[in-house]
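S.K.: Before I ask anything, let me first share the structure, which is written out below as structure tokens.
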Amino acid sequence: MIGPRQILHRRNAIDSIRKMTRTMEMISTTRYKYYFNRWIAAKEYHDALARTGYLLVTSPKLHDHPLLKENSSGRSAIIAIGSNRGLCGSYNSYIYQAMKVHIDKAKNSGKKLEIYAPDRRLVGLLNYHNITPAKIYDMDEMPTDEQIDEITDEFLDQYMSGKLDNLGIVYMRYYSVGSQRPQTLTIMPLTELIDDLTTRATVIWPWTLSVEDFYFSPSVTEIIESLARMIIHSSIQSCFMDAILSEHVARMIAMKNATENAEEMIKELSAEYNRSRQSQITRELLDIISGAEAIQ
Amino acid sequence: MSAPDEKFQCVVIAPRGKLLKCDTVSVVFPAHDGQVGVWRNHMPMLCKLGLGIMSVEDVPSESELEPKHTFLLIDGGFAQVSNNLLTVIAQDAICFKDMESEKIEKLLEIETNKLAHGVYTPPQRKHEEQKLSFLMKLAEMTAAVKKE
């Protein structure tokens, strides 16, 4: 049987863990609120870009533009966004499962699939499954504009030169505090991205006007490239934002559960400690009494 | 001065959110190839933006003799005009609604520090220098408004 001293030692250790998990929960709550405000503010920007993008992809003048054509190089790529840190439940496992669908699909169709990932927890999981990423990005929790520009330019150039058929981002999409799901957002071909974004947008394009009614400055072919860069940049940014929000929600839930479990354990150990201490006192009293009786 | 019934709507959206939504009588924005003016009933247009100062003239009230303006520093993006609605989707924008001189001075300081210590390619440096010159222009305009 464990003595009261050991129980006390164990209770103190669990109390330290409880404090740690509670702090982590609070940190995630604060960060969640910060990113949530940014997410809400950026929504309108993404919607506005999607509406303008929709106007352009319906233009008959742009049918032959390299950004709107489908390539057939046999090479696809996915960017997988895992969690930045650990202790967030099954977050990375869900992302891996979503990635597995693409890996299997590429294997069955005989296409080459390259995986790109930020230097995060997911890389360890990929190594465990013997998957070597084509490139690991070194970036902050929320990538800077320059870091996103680098990714945008890299894949846009590859797509326009016909070296890439498809680019997708596997990430945890944030719907609300109660709902986050792993999803793939197709970034390229651009038509698929705009189609997806306009479906998500809260306000769709006012149908009374068509692309022929507009005056473009510079020409529509020149505009599409700049707009594509902006749309792709904002889509990648929004995927990272969703991933961070989902990660913090996952961590908040995991840490809340851990804190509650620790509190329950502390309660049980306190009761056990009191019982053990009482029985020790009783035992010592009995020893004293029996000793005194023996002397008499 | 334009009549109040000649108004249209102007919305400026940046990655950080909606910066401006108001009724206006005239807007001048920095397009990729120079300044573009927009009045009511402008034809539908999609225009690429450059770096510069955007000026939005408020709808005049009877008590005001001089029209009020809202200034924004725009850095890239698109302007879209349709159905008497001007939507500016800016890559980066700063709104100076009440011409706060402190805000401009703080931005001037940040921009000067960035230029002094940042590592830039020649085109990036040129861009940052242009941005700084526009901020200085805004600071001058603020000082002029305050004197009046």
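S.K.: Restrict the check to segment B:59-76 and report whether at least one residue is among the basic types (Lys, Arg) and either touching a Cys at 6+ places or on another chain (Cβ under 7 Å) or in the same structural domain as B:Ala14 (by TED's automatic domain parsing) (or both).
M.R.: Checked against the condition, which is being among the basic types (Lys, Arg) and either touching a Cys at 6+ places or on another chain (Cβ under 7 Å) or in the same structural domain as B:Ala14 (by TED's automatic domain parsing) (or both), segment B:59-76 yields at least one hit.
Let's see how each residue does on (1) touching a strand residue (DSSP E or B) at 6+ places or on another chain (Cβ under 6 Å); (2) within 14 Å of chain B (Cβ to nearest Cβ); (3) within 22 Å of A:Ala48 (Cβ to Cβ); (4) part of a strand (DSSP E or B):
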{"position": "A:Val170", "(1), (2), (3), (4)": "yes, no, no, yes"}
{"position": "A:Tyr174", "(1), (2), (3), (4)": "yes, no, yes, yes"}
{"position": "A:Ile194", "(1), (2), (3), (4)": "no, no, yes, no"}
{"position": "A:Thr221", "(1), (2), (3), (4)": "no, yes, yes, no"}
{"position": "A:Ile224", "(1), (2), (3), (4)": "no, yes, yes, no"}
{"position": "A:Met230", "(1), (2), (3), (4)": "no, yes, yes, no"}
{"position": "A:Ser234", "(1), (2), (3), (4)": "no, yes, yes, no"}
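S.K.: Is it true that some residue in segment A:81-97 is aromatic (Phe, Trp, Tyr), part of a helix (DSSP H, G or I), out of contact with any Pro (no Cβ under 6 Å at 6 or more places or on another chain) and within 14 Å of chain B (Cβ to nearest Cβ)? Before you say what the answer is, go through the steps one by one.
M.R.: Looking only at segment A:81-97, we keep the residues that are aromatic (Phe, Trp, Tyr), and these are A:91, A:94, A:96.
Those still in the list that are part of a helix (DSSP H, G or I) too: A:91, A:94, A:96.
Now drop any that are not out of contact with any Pro (no Cβ under 6 Å at 6 or more places or on another chain), which leaves A:91, A:96.
From what is left, the residues that are within 14 Å of chain B (Cβ to nearest Cβ) are none.
No: zero hits.
S.K.: Write out, first by first residue and then by second, each pair whose Cβ atoms fall under 6 Å of each other, whose residues are 6+ apart or on separate chains, and whose first residue, in segment A:58-76, is over 25 Å from A:Ile115 (Cβ atoms) while the second is assigned to a loop (DSSP other than H, G, I, E, B).
M.R.: A:Leu62/A:Leu68
S.K.: Could you list, in sequence order, all residues of segment A:32-54 that are at pLDDT below 90 and among the hydroxyl-bearing types (Ser, Thr, Tyr)?
M.R.: Within segment A:32-54, A:Thr52, A:Tyr54 qualify.
S.K.: Going residue by residue through segment A:77-98, is there one that turns out to be of a type in the set (Lys, Arg) and either under 30 Å from B:Val88 (Cα atoms) or modelled with pLDDT of 90 or more (or both)?
M.R.: No, segment A:77-98 contains no residue that is of a type in the set (Lys, Arg) and either under 30 Å from B:Val88 (Cα atoms) or modelled with pLDDT of 90 or more (or both).
S.K.: Please state which of the following conditions A:Glu212 fails to meet, knowing it meets all the rest: (1) of a type in the set (Asp, Glu); (2) away from every other protein chain (no Cβ under 14 Å); (3) under 30 Å from B:Gly77 (Cβ atoms).
M.R.: The single condition A:Glu212 does not satisfy is (2).
S.K.: Let me ask you something else. Closer than 17 Å to A:Cys239 by Cβ, surrounded by fewer than 19 Cβ atoms within 10 Å (Cβ to Cβ) and touching a helix residue (DSSP H, G or I) at 6+ places or on another chain (Cβ under 7 Å): which single residue out of A:Glu141, A:Glu192, A:Glu154 fits that description?
M.R.: None of the others qualify; the one that does is A:Glu141.
S.K.: Go through (1) assigned to a helix (DSSP H, G or I); (2) surrounded by 12 or more Cβ atoms within 10 Å (Cβ to Cβ); (3) without any contact (Cβ under 8 Å) to a residue 12 or more places away in the chain; (4) not polar (S, T, N, Q) and name the single condition A:Glu284 misses.
M.R.: (2)
S.K.: Tell me the strands (runs of 3 or more DSSP E) entirely within segment B:1-109 that contain at least 1 residues that are at the interface with chain A (Cβ under 10 Å from one of its Cβ atoms), more than 20 Å from A:Ile223 (Cβ to Cβ) and of a type outside the set (A, V, I, L, M, F, W, C).
M.R.: B:17-31
S.K.: I'm told A:Pro133 meets every condition in (1) more than 21 Å from A:Ile236 (Cβ to Cβ); (2) assigned to a loop (DSSP other than H, G, I, E, B) except one. Can you identify the failing condition by its number?
M.R.: Single failed check for A:Pro133: (1).
The values are calculated or read from the model by the stated rules, or taken from the named source; none is laboratory data. Source: prediction; values computed, not measured. With ideal geometry, Cβ positions are generated from the backbone for all residues, glycine too; neighbour counts draw on all protein chains shown.
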